[in-house]
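Before any comments, here is the structure.
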Amino acid sequence: MEASLLSNSLFWVLGSVAIIAASVAVLAPNPMYSGLSLMLIFFVLAAIYIWMKQEYFGAMQLLIYVGAIMVLFIFMIMLLNTRTDFEEINLNWRWGTAFLLSIGLMSVLIPAVVNFKGSLPVLGNYTENNIELIGASELFAEALWEKSILIVELMSILLLVGVLGAVVLTKKNYTDQI
Amino acid sequence: MLELLINPYIQTILKVIFLIFLVVLPSAALLTLMERKWSALIQDRRGPGRANIGKFTFLGIFHILADGMKLALKEDFYPAGTNRFLFTIAPYFGFFSAVTLFALLPITSPLGNFTFQIVDVNIGILMILAYMSFSIYGAVLAGWSTDNKYGMLGAVRASAQMISYEVFLGVSLLGLLVVYNSLRISDIVAGQNEYWFNGLIPKWGILTQPIGFLIFFTAILAEMKRAPFDAPEGESEIVAGFFIEYSGMRFALFFLAEYISLVGMAMLISTLFLGSYHFPWLLDAGFKLGSLPLVELPQWLVVFLRFITFGGKVLFCCWLIISIRWSLPRFKFDQIMKLGWNRLMPLGILNLIITILVTLLF
């Protein structure tokens with residue numbers, strides 16, 4: 001009983017931190033603060049995953065988003081001159097697009113929240129019972145490498161093509177200059 | 001009172017307090033002195049030893065106290081042009097990532113139901129890698145927020161180096177995961193107490209994964225930004241790199257975080273590759289070498305011997321890392337990148353392929 005009370009209040013704390021960080025990410029004048037609060041959102045999301053007993057996804061969130069992607073974002077912001085580089089960009093036309101996109105997202109999210117009735121049944125093997133018994137990473141590996149192996153391989157080829165494309169694009173300019 | 005102690009939440013909090021105040025902070029503080037003493041040994045000097053209380057110097061142990069007081073009494077100073085908020089929070093990132101590592105590593109085998117490990121999660125190694133990646137933010141934010149060109153150069157070097165070497169760290173661990181067939185730390189630890197040839201040679205990580213160990217050790221040195229990989233703070237080129245403008249207690253946080261992560265990494269190397277707390281041929285019931293008869297030992301003695309063994313291994317790793325720093329010159333930055341992407345990365349993938357083939361065939 002105590003444990004469930006503790007974990008429920010933990011959810012509210014994490015959720016409110018995520019919402020505050022999200023508003024800061026949008027509203028902050030300094031892009032560095034936006035980047036850092038985006039990192040905080042990813043961190044809190046990882047904590048929420050772990051709260052939901054999905055340790056594997058929590059760790060992956062930390063490892064990929066916080067540990068790699070956000071570092072690259074902040075690296076990019078660091079190399080820009082934040083005092084001058086951002087004043088020249090005209091953001092006006094983007095407001096309309098952003099508005100339409102958020103309305104589209106909200107039209108999906110709000111009905112989902114309104115129609116939510118307690119816990120939904122879990123489909124497939126990835127149940128709480130199985131996670132306790134077999135382990136989250138084992139279940140995930142089974143799903144990934146046995147059932148959807150073809151999709152995983154296709155994705156890896158897609159990523160490889162992306163990497164090669166990036167190398168080719170950078171190399172072309174480089175040889176021209178020499 | 002005793003009921004309170006059985007409560008798992010209370011136990012966890014007690015373990016955290018014990019680990020932070022009796023293991024992590026004292027060992028990090030002692031290491032700051034040991035580094036200077038060991039470097040003196042290498043350079044044929046005597047090292048610091050003048051600080052005293054009355055007549056007693058105790059091999060210079062009061063230098064820790066004197067250094068701490070000096071740093072605490074310094075002025076709390078912000079250079080002009082710094083971003084104060086980021087300047088203040090930057091040291092805590094490194095500190096956070098250094099301390100969280102200890103939550104996942106066991107220091108000795110369980111005594112009855114009581115484990116000497118704060119949490120044992122299903123995805124232990126992934127969690128360790130995830131927390132280690134936080135230390136990049138400390139270096140990057142510290143260098144950027146100081147508004148200093150040297151600091152900025154240090155931050156750029158640190159982020160490029162640490163992102164790259166995190167990749168090799170992960171690749172070097174893949175082979176280990178294949179051998180012990182689990183991501184859980186306690187499974188890897190238990191797997192290292194199995195033996196080849198009818199109980200003669202222990203299956204330690206360094207014996208099952210020699211190439212993986214070399215890559216892991218190199219990547220750990222680079223992750224900690226220690227010599228020969230200390231280009232982010234190379235004092236002959238960019239003075240002190242990313243923490244150039246820090247002084248007083250904020251500098252002390254960086255300094256302490258470096259030594260805490262030195263202890264943490266030494267623990268990590270011992271746990272994953274040097275058999276963790278296992279002494280060769282010391283099983284749960286007692287000593288057993290090959291087919292010789294078992295010498296029985298009580299459980300508390302086994303647990304205590306294992307704690308001593310683990311401490312010895314950690315101390316050995318600390319000594320190794322520190323003596324490497326004082327023996328080798330610094331790599332140039334392009335050499336660091338070349339070593340990583342052209343040597344360690346293909347070697348790591350080759351190691352993984354060989355490991356998988358060997359595990360599948362035998």
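Bear in mind these aren't lab numbers, they're just calculated from the coordinates by the rules spelled out. Predicted model, so just to flag it, every value in this text is computed and none were measured. Every residue, glycine among them, receives a Cβ derived from its backbone with ideal geometry; neighbour counts consider all protein chains shown.
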Residues B:330, B:325, sorted so that the one with the fewest Cβ neighbours within 10 Å comes first:
B:330, B:325
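When the dipole is taken about the Cα centre of the range B:75-361, and only Lys, Arg (+1) and Asp, Glu (-1) are charged at their Cβ, what size is it in debye, to the nearest 20? Mind dumping the intermediate values first?
Details: 16 positive and 17 negative charges, 91 e Å.
That gives a dipole near 440 debye.
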For residue B:286, other-chain or 5+-apart residues with amide H closer than 5 Å (H placed, Pro excluded) are B:297
Can you return the lysines within cross-link range of residue B:70? Criterion is Cα-Cα under 22 Å, with same-chain partners fewer than 8 residues away left out.
B:37, B:55
Can you work out the FRET efficiency for the pair residue A:23 and residue B:237, with r the C-beta to C-beta distance and R0 = 51 Å, to the nearest 0.05?
0.75
Which Cα, out of B:141, B:231, B:193, lies furthest along the positive dipole direction of the range B:75-361 (beta carbon charges, K/R +1, D/E -1)?
B:193
Whose amide H sits under 5 Å from the amide H of residue B:201, counting only residues 5 or more places off or on another chain, with H placed in the peptide plane?
B:196
Residue-wise, which Karplus ³J(HN,Hα) couplings in Hz belong to the range A:143-155, taking 6.51 cos²θ - 1.76 cosθ + 1.60, θ = phi - 60°, and x for glycine or proline?
5, 6, 9, 10, 8, 10, 4, 5, 5, 4, 5, 4, 4
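Based on the mean of other beta carbon atoms within 10 Å per residue, what is the order of B:6-17, B:309-320, most packed first? Each step should come with its number before you reach the end.
On the way: B:6-17: 12.2, B:309-320: 18.7.
The most tightly packed comes first, giving B:309-320, B:6-17.
Could you give the size of the charge dipole of the range B:66-198 about its Cα centre, using +1 on the Cβ of each K and R and -1 on the Cβ of each D and E, expressed in debye and rounded to the nearest 20? Show your work: numbers first, answer last.
Numbers: 6 positive and 8 negative charges, 64 e Å.
With Lys and Arg at +1 and Asp and Glu at -1, about 300 debye.
Can you figure out the FRET efficiency of residue B:360 with residue B:284, using R₀ = 25 Å and their beta-carbon distance, to the nearest 0.05? Mind showing how you got there, number by number?
Working: r = 31 Å, r/R0 = 1.23.
Efficiency computed from Cβ-Cβ geometry: 0.20.
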Whole-Hz ³J(HN,Hα) from phi, Karplus 6.51 cos²θ - 1.76 cosθ + 1.60, for the range B:180-188, glycine and proline x
8, 6, 6, 9, 6, 4, 5, 5, 5
Projecting the Cα atoms of B:79, B:126, B:116 onto the charge dipole of the range B:49-159, where Lys and Arg contribute +1 and Asp and Glu -1 at Cβ, the residue farthest towards the positive end is B:79
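In µm²/s, what is D for chain B at 4 °C and 1.567 mPa s, where D = kT/(6 pi eta Rh) by Stokes-Einstein and Rh is the Kirkwood radius from Cα pairs? Could the numbers behind the result be given before it?
Numbers: Rh = 22.0 Å.
Using the Kirkwood radius from Cα pairs, D works out to 59 µm²/s.
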Inter-chain shielding of A:129-142 (mean C-beta neighbours from other protein chains, 10 Å cut-off)
2
Charges on Cβ only, +1 for Lys and Arg, -1 for Asp and Glu, centred on the Cα centroid of the range B:75-361; of B:93, B:327, B:107, which one is farthest towards the dipole's positive end?
B:327
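List the relative contact order of chain B as a percent without decimals, with contacts defined as Cα pairs under 8 Å and 6+ residues apart. Numbers along the way, then the final one.
On the way: 533 pairs, mean separation 77.4, N = 362.
Answer for chain B is 21 percent.
Could you tell me the calculated FRET efficiency between residue A:8 and residue A:107, based on Cβ-Cβ distance and R0 = 25 angstrom, to the nearest 0.05? Spell out each step's value before the answer.
Values: r = 29 Å, r/R0 = 1.15.
With R0 = 25 Å, the Cβ-Cβ based efficiency is 0.30.
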Taking beta carbons within 10 Å but only from partner chains, what does the mean come to for residues B:126-135?
5
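If you take each beta carbon of peptide A:62-68 and count the beta carbons of other chains within 10 angstrom, what is the mean?
Details: counts 7, 10, 2, 0, 6, 13, 5.
Mean partner shielding for this stretch: 6.
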Quick one: which residues, 5+ away or cross-chain, put their amide H under 5 Å from the amide H of residue B:111? H built at 1.01 Å from N.
B:116
If I model a spin label as a point 7 Å beyond the Cα along the Cα-Cβ vector, how far apart are those points for residue B:181 and residue B:18 in nm?
3.2 nm
Compute the angle between helix B:345-361 and the longest alpha-carbon principal axis of chain B, please, reported from 0 to 90 degrees and rounded to the nearest 10.
10 degrees
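Name the shape class, rounded, prolate or oblate, that the alpha-carbon gyration tensor gives for the protein assembly as shown, where a ≥ b ≥ c are the square roots of its eigenvalues, rounded holds for a/c under 1.5, and otherwise prolate holds if a/b is larger than b/c and oblate otherwise.
Details: a/c = 1.42, a/b = 1.12, b/c = 1.26.
Rounded.
Arrange the peptides B:266-275, A:18-27 so that the one whose residues have, on average, the most other Cβ atoms within 10 Å appears first.
Working: B:266-275: 24.5, A:18-27: 14.2.
Going by the mean number of other Cβ atoms within 10 Å, highest first, we get B:266-275, A:18-27.
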Just how large is the dipole of the range B:195-330 about the Cα centre, in debye to the nearest 20, putting +1 at every Lys and Arg Cβ and -1 at every Asp and Glu Cβ?
360 debye
Per-residue HN-Hα couplings for the range B:285-290, Karplus 6.51 cos²θ - 1.76 cosθ + 1.60 at θ = phi - 60°, whole Hz, x for Gly and Pro?
8, x, 6, 8, 9, x
Hey, what angle do you get for helix B:62-73 against the long axis of chain B, alpha-carbon based, 0 to 90 degrees rounded to 10?
50 degrees
If we sort B:284-291, A:94-101 on the protection proxy, mean other Cβ atoms within 10 Å, highest first, what's the order?
B:284-291, A:94-101
